[in-house]
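Down below is the structure, laid out as structure tokens.
The values are calculated or read from the model by the stated rules, or taken from the named source; none is laboratory data. Note that the structure is predicted; figures quoted are calculated from it, not measured. Because the Cβ atoms are built from the backbone with ideal geometry, glycine has one as well, and the counts that use them run over all protein chains shown. Quick note on the areas: whole protein, heavy atoms, side chains included, nothing else; ligands and nucleic acids left out. Shrake-Rupley method; radii C 1.70, N 1.55, O 1.52, S 1.80 Å.
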Amino acid sequence: MRIAHIFALLVCLFSATQAQSAFTVSISSDTVAVGAPAQLNVTITSDAPGGELLDVFGLELRIARVSGTGELRFTDPQSSAELLSSKYVFGADSVNAANPGVSSVLITTNTTTNDTYLGGDGTMSGSGATVGTNPRLLAVLDLDTSSTVAGDKYQISVIGSAFTFFYDPALNPVDSSAGTGTLDIRASGVTPTPAPAGAVLALTGAAFWGAVRRFRSRAISTV
């Protein structure tokens, strides 16, 4: 019954009254090469004294190109790598972890191909998990960069829709605020940056002085 309840919540539309923010959702940022696999982490914290209990959550995330000409996509299907992390918010009490053959993520298209992520999870026990000031992992986002172009910049944001929600064990809605993550695309292959001339001289001098000290040490020991 608990599993059916959770999945029903994840596919239904929810509306919540705005209140003071208790959860803050953050998305990491990174720089990767064109065509390289990319992952960003979605984490959650709470500003409530003593933390806040989270029992069910849903997320709608969207990719938007800030600059460039390419196209970044959510990988379909997602790897659900968060379930293997010790920092995952629900740990071993996860409905998703208990049902590995059932996908809880839908990748769909809003403006560009596979630019929208819909997903969520809940606890098996119904007891919730405490979220405090230390970030807890909500999702690991797998991103497909095969259609991007070097120099592109993308923003990944939480969408304030009916698919983004947070509930405590009594299924009371908990308000939230969210930041955005960015992914910068560089050319595949990195040209090493030459060391400044002063640094090269310093390293050469250090090597030379080391050789002198070893030579002197051997010379003294033979006297």
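Screening P169 on (1) over 27 Å from F57 (Cα atoms); (2) at pLDDT 95 or above shows it passes everything except condition (1).
Here N114 meets the list (1) out of contact with any Phe, Trp or Tyr (no Cβ under 7 Å at 6 or more places or on another chain); (2) closer than 18 Å to F163 by Cα; (3) open to solvent by 10 Å² or more (accessible area, probe 1.4 Å); (4) among the polar types (S, T, N, Q) almost entirely, failing just condition (1). Specify the residue that is surrounded by the most Cβ atoms within 10 Å (Cβ to Cβ); the eligible residues are those in the stretch 78-98 that are of a type in the set (D, E, K, R) and within 24 Å of S177 (Cβ to Cβ). Ranking the qualifying residues of the stretch 78-98, first place goes to E82.
Looking only at the stretch 98-116, which residues are in a loop (DSSP other than H, G, I, E, B) and of a type in the set (S, T, Y)? Explain how you work it out, then say what you get.
Kept after step one, since they are in a loop (DSSP other than H, G, I, E, B), are these residues of the stretch 98-116: 99-104, 109-115.
Hits for the stretch 98-116 are S103, S104, T109, T111, T112, T113.
For the stretch 47-77, filtering for residues that are open to solvent by 10 Å² or more (accessible area, probe 1.4 Å) and farther than 25 Å from A150 by Cβ leaves 9.
Of the residues in the stretch 151-172, none is more than 15 Å from V25 (Cα to Cα) and in contact with a Pro (Cβ under 7 Å, 6 or more places away or on another chain).
Select from the stretch 20-46 the residues that are part of a loop (DSSP other than H, G, I, E, B), of a type in the set (S, T, N, Q) and open to solvent by 40 Å² or more (accessible area, probe 1.4 Å) and list them in ascending order. Talk me through it step by step, then tell me what you get.
Step one: list which residues in the stretch 20-46 are part of a loop (DSSP other than H, G, I, E, B), which gives 20-22, 28-29, 34-37.
In the following step, the residues that additionally are of a type in the set (S, T, N, Q) were identified as 20-21, 28-29.
Passing the criteria: Q20, S28, S29.
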